[in-house]
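Everything below concerns the one structure shown next.
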Amino acid sequence: MIDPKLLRQDPQQVSANLARRGFVFDAERYRALEERRRTLQTKTQELQNERNVRSKAIGAAKRRGEDVESLMVEVARIGDELSMTEEGLAEIQTGLEGIHFELPNLLHPDVPDGEGEEDNPELRHWGGIPTFDFKPRDHVDLGAQLGGMDFEAAARIAGSRFVVLSGQIARLHRALIQFMIDIHTAEHGYTEVYVPYLVNAAALTGTGQLPKFEEDLFKVEHDPAFYLTPTAEVPVTNLVRERIVDGAELPLRFVCHTPCFRSEAGNYGKDTRGMIRQHQFEKVELVQVVRPEESWEALEGLTGHAEVILRRLGLPYRVVALCAGDIGFSSARTYDLEVWLPSQERYREISSCSNFTDFQARRMKARWRNPETGKPELVHTLNGSGLAVGRCLVAILENYQQADGRVAVPEALVPYLGGQRLL
RNA sequence: GGAGAGGUGGCUGAGUGGUCGAAAGCACCCGACUUGAAAUCGGGCAGGGCGCGAGCCCUCGGGGGUUCGAAUCCCCCCCUCUCCGCCA
């Protein structure tokens, strides 16, 4: 949520910033609504004050044993008028609230212009693109030859966009999770957390998936509604929801492995082959809760933490800055890590690292007590994949494949596979 | 699933129709005492909105209702805890 104060004071500035995303915010209409709210609120508060003062007078008069009949009639009249203005005020406030929850975050000035993925500038890259003296296969073919990657079985059990892994592929998949968590806890100062995979609407509203993006989620039949978590960002970031964190506790750093569930509505026909885009996938997520003045530095740090995984695995990747038209709803600035996939001869997203500034914190009422002011102030939240496990598995299979279709195990993972060096 | 108890400020916890946005304690901040600290004493200290300000309004899990007036009474919902049943 954008600071309502800023929206009131300078809706034009907000409008100009959001326009870079291609988002249309009608500042004039907002100003008019806000004006009406202010009038109604002032009127309502005057009446409330009137009622409160007179009701107190009734209490006082009663204690003195005086007759209060005429006083009570008068206050009753105020009550009628009050309920009318209160109704009008509630209506307009609901309207304003709806607008507030559907406005995306303000962009950091350094976010590059652009409309889509193709406009994201590369910031840096690492690792040499592998060359093969044979035609590299994609992970589906490699999986089929090695055994242990069965899309047909998954389709029978669930449907399309699922996979069944078994044997050494399943073990490699699990090893990746352990490996990532171990590095982030031992070397990067993250605390491992285990969280619910079903989350409520309030949590999703806090991080920004609701109310606008319900169609991307799987909703479970339950009252009140549960949703399958689309990313650990939701349960983990909401750890600070409606809390006032002691300043000494910051920064908070959490690493969390969860399955993620996405409906992929609107992505029919996109990445239909293989494990790239699934309804269910595993991810190791990094979440940070920091003091506001530290969040930009934290974004660089967090991105670096995710990069370490790719480097240790020897996977070539690049870092791009998401442009204004491609950046997510809640984010002020995002770096994507893209790993090289030989079969596609291009880089594919494997991690997305964002600073949400106070946008999620305001929605969640997540605050910290600033010792300098003694007051609760909004924290800043960040997250990034560290990494998407399924896509990481794909990248390893494809980048480490040999002419005979077997796959070498990245050195860093050998201990996690009981010393095995070749799949 | 059944029965019961409870949700109040950063925390613990009192408050059961009217000077209660709320006792007390803890935590925290300021000051005094002290070489320094601890202890002790004095003072401050919920969140949000509006206003230049004095100040006003809202909020005691959420929503509705009764009333001139609700933390307090009534209804619905959510959550937590205890016991029983069932169960990974």
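The values are calculated or read from the model by the stated rules, or taken from the named source; none is laboratory data. Every value quoted in this text rests on a predicted model; they were computed, and no experiment measured them. FYI the Cβ positions are ideal-geometry reconstructions off the backbone, even for glycines, and counts take in every protein chain you see.
Take the residues of region A:54-79 that are surrounded by 10 or more Cβ atoms within 10 Å (Cβ to Cβ) and of a type in the set (D, E): which is farthest from RNA strand B (Cβ to nearest atom)?
Checking each candidate, the answer is A:E66.
Within the bounds of region A:191-208, is there any residue that is more than 14 Å from A:E285 (Cβ to Cβ), hydrophobic (A, V, I, L, M, F, W, C), in the same structural domain as A:A298 (by TED's automatic domain parsing) and not in a helix (DSSP H, G or I)?
Within region A:191-208, one or more residues are more than 14 Å from A:E285 (Cβ to Cβ), hydrophobic (A, V, I, L, M, F, W, C), in the same structural domain as A:A298 (by TED's automatic domain parsing) and not in a helix (DSSP H, G or I).
Counting only residues that are at positive phi and either part of a helix (DSSP H, G or I) or away from RNA strand B (no atom under 16 Å from the Cβ) (or both), how many does region A:239-265 have?
Residues flagged as at positive phi and either part of a helix (DSSP H, G or I) or away from RNA strand B (no atom under 16 Å from the Cβ) (or both) within region A:239-265 amount to 1.
Please determine whether any residue of region A:271-289 is farther than 18 Å from A:T357 by Cα, within 16 Å of RNA strand B (Cβ to nearest atom), in the same structural domain as A:T381 (by TED's automatic domain parsing) and surrounded by fewer than 18 Cβ atoms within 10 Å (Cβ to Cβ).
Within region A:271-289, not a single residue is farther than 18 Å from A:T357 by Cα, within 16 Å of RNA strand B (Cβ to nearest atom), in the same structural domain as A:T381 (by TED's automatic domain parsing) and surrounded by fewer than 18 Cβ atoms within 10 Å (Cβ to Cβ).
Condition check ((1) in contact with a strand residue (DSSP E or B) (Cβ under 9 Å, 6 or more places away or on another chain); (2) under 30 Å from A:P130 (Cα atoms); (3) outside the structural domain of A:F162 (by TED's automatic domain parsing)) across all residues:
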site	(1), (2), (3)
A:E345	no, yes, no
A:R369	yes, no, no
A:H380	yes, no, no
A:G386	yes, yes, no
A:V389	yes, yes, no
A:C392	yes, yes, no
A:Y400	yes, yes, no
A:D404	no, yes, no
A:L423	yes, yes, yes
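Just one of A:P224, A:P230 is in contact (Cβ under 8 Å) with a residue 12 or more places away in the chain, under 19 Å from A:I177 (Cβ atoms) and in the same structural domain as A:V289 (by TED's automatic domain parsing); which is it?
A:P230
So which residues in region A:337-365 are basic (K, R) and in a strand (DSSP E or B), if there are any at all?
Selection gives A:R346, A:R348.
Specify the residue that is farthest from RNA strand B (Cβ to nearest atom); the eligible residues are those in region A:1-28 that are in a loop (DSSP other than H, G, I, E, B) and exposed (fewer than 14 other Cβ atoms within 10 Å of the Cβ).
A:G22
From the residues in region A:208-238 that are within 13 Å of the chain's Cα centre (by Cα) and within 16 Å of RNA strand B (Cβ to nearest atom), which one is farthest from A:A332 (Cα to Cα)?
A:P235
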